[in-house]
Protein chains: 2
Amino acid sequence: MKELIAKYREKGFKLTPQRIAILKFLDGNTSHPAANDIYRNIKKDYPTVSFATVYNTLQALRDRREVAEITIDFQKKHYDPDLRPHHHIICTECNKIADVFQDYSEALRLPYHIKDEFQATANHVNFYGICKKCQKIKKGGTKLCA
Amino acid sequence: MKELIAKYREKGFKLTPQRIAILKFLDGNTSHPAANDIYRNIKKDYPTVSFATVYNTLQALRDRREVAEITIDFQKKHYDPDLRPHHHIICTECNKIADVFQDYSEALRLPYHIKDEFQATANHVNFYGICKKCQKIKKGGTKLCA
DNA sequence: ATTTAGATTAGAATGATTCTAATATTAGAA
DNA sequence: TTCTAATATTAGAATCATTCTAATCTAAAT
């Protein structure tokens, strides 16, 4: 944890208790939280924290390439502190997001006429599916999943 | 156009003038419009059209698998009447979206432990980059692009 | 022409995200 | 340690995309 704080301070990132709480929450977090998830969690320890702080911090982290923003969900953005190149799969029933660590970089070569038009900087594969839990529930009837 | 209308009527899709205007606008449209783009366009001929109509129609089309919803933009959903499997690239400066007709289906095989957890139904590759126009403008200074 | 299921509308409601302006805090300098 | 400037925090308003509501209207089958 100490190292985490030092690491950000070095980068000229001003550290407040709220920010430290956000960093702690994100550190090693594989749940792909949305802004609201982060807010709810931080609020436990800092009841007066505001959404502005959460969004400001996320923006700062995003600008410094410390978190990745993910567009896989049709409703809202999700955040991922894991910066290793990887992809995601989302359950279309419960919106759970899982990581796909598979290197498709060789395969995802763009056609020449696109390369001619765009200077590509990144790519990301979104997979959609139904998770095990939701498959069971669907057979049962009602739709619900953790 | 006649065929387009017949095609939808067959599918039990009740056709109103507003819906026909939306269908016309979408037919062969490669601009990947968002709901607001569609609304603005229809409003020219039907000044009283409401957002509800646009969204209702898009929902009906989506449910019938007549348009695809795209999550590549961080701000809003875009719609694509082209249902052939393909992918997209978005300019991170001006948000222009272009099509990438390249078949990656063989390459995008999921790892077994994911297949075990998810019953995958679809995938989509988002490419991010800077379009030619915006590359020029960036060198110049200001950021703007059609 | 009648009927009815389904569509349209204005506008309110919701949810995510951004903005504002006043206040408070961090981190570095004195 | 105290001071200061730059930056962060806050509540709440504002914005934007999207969905909902309830009253009214219309397509299309009879």
**Request:** Can you run down the residue pairs with Cβ atoms below 6 Å, 6 or more apart or on separate chains, where the first is in the range A:9-21 and of a type in the set (D, E, K, R) and the partner is within 9 Å of DNA strand D (Cβ to nearest atom)?
**Result:** A:R9/A:L15; A:R19/A:T57
**Complete:** Over the range A:88-123, the set of residues facing chain B (nearest Cβ under 8 Å) and in a strand (DSSP E or B) is A:I89, A:C91, A:A98, A:V100, A:F118, A:Q119, A:A120, A:T121, A:A122, A:N123
**Cβ-Cβ under 6 Å pairs, at least 6 apart or on other chains, the range A:125-138 side open to solvent by 20 Å² or more (accessible area, probe 1.4 Å), far side in a helix (DSSP H, G or I)** = A:K132/B:E117
**Fill in**
All-but-one check, A:P85 against (1) open to solvent by 80 Å² or more (accessible area, probe 1.4 Å); (2) outside any loop (DSSP other than H, G, I, E, B); (3) under 25 Å from B:Q75 (Cβ atoms), failing number (2)
**Message:** As an exercise: evaluate A:I90 against (1) surrounded by 18 or more Cβ atoms within 10 Å (Cβ to Cβ); (2) over 19 Å from A:I130 (Cβ atoms) and give the number of the one condition it does not meet.
**Reply:** (2)
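If you take the residues in the range B:50-64 that are open to solvent by less than 70 Å² (accessible area, probe 1.4 Å) and more than 10 Å from DNA strand D (Cβ to nearest atom), which one is nearest to A:N123 (Cα to Cα)? Steps first, please.
Here is the first cut: in the range B:50-64, the residues open to solvent by less than 70 Å² (accessible area, probe 1.4 Å) are B:50, B:52-54, B:57-58, B:60-61.
Next, only the ones that are more than 10 Å from DNA strand D (Cβ to nearest atom) stay: B:57, B:60-61.
Working: B:T57: 31, B:A60: 30, B:L61: 28 Å.
Top of the filtered list is B:L61.
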**Request:** Starting from the range A:36-53, keep only residues that are within 14 Å of A:L26 (Cβ to Cβ), then list their pairs with residues that are near DNA strand D (Cβ under 6 Å from one of its atoms) and not in a helix (DSSP H, G or I) whose Cβ atoms are within a distance under 8 Å, requiring at least 6 positions of separation or different chains.
**Result:** A:Y39/A:V49; A:I42/A:V49
**Subset of the range A:65-82 that is without any contact (Cβ under 8 Å) to a residue 40 or more places away in the chain and not charged (D, E, K, R) - its residue that is least open to solvent (accessible area, probe 1.4 Å)** = A:A68
**Residue count, the range A:1-49 (criterion: open to solvent by less than 70 Å² (accessible area, probe 1.4 Å), of a type in the set (S, T, Y) and farther than 17 Å from A:P81 by Cβ)** = 1
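The values are calculated or read from the model by the stated rules, or taken from the named source; none is laboratory data. Computed from a predicted model, the values in this text were never measured in an experiment. Every residue, glycine among them, receives a Cβ derived from its backbone with ideal geometry; neighbour counts consider all protein chains shown. Please note that ligands, DNA and RNA were not included when accessible areas were found on the heavy atoms of the full protein model with its side chains. Shrake-Rupley method; radii C 1.70, N 1.55, O 1.52, S 1.80 Å.
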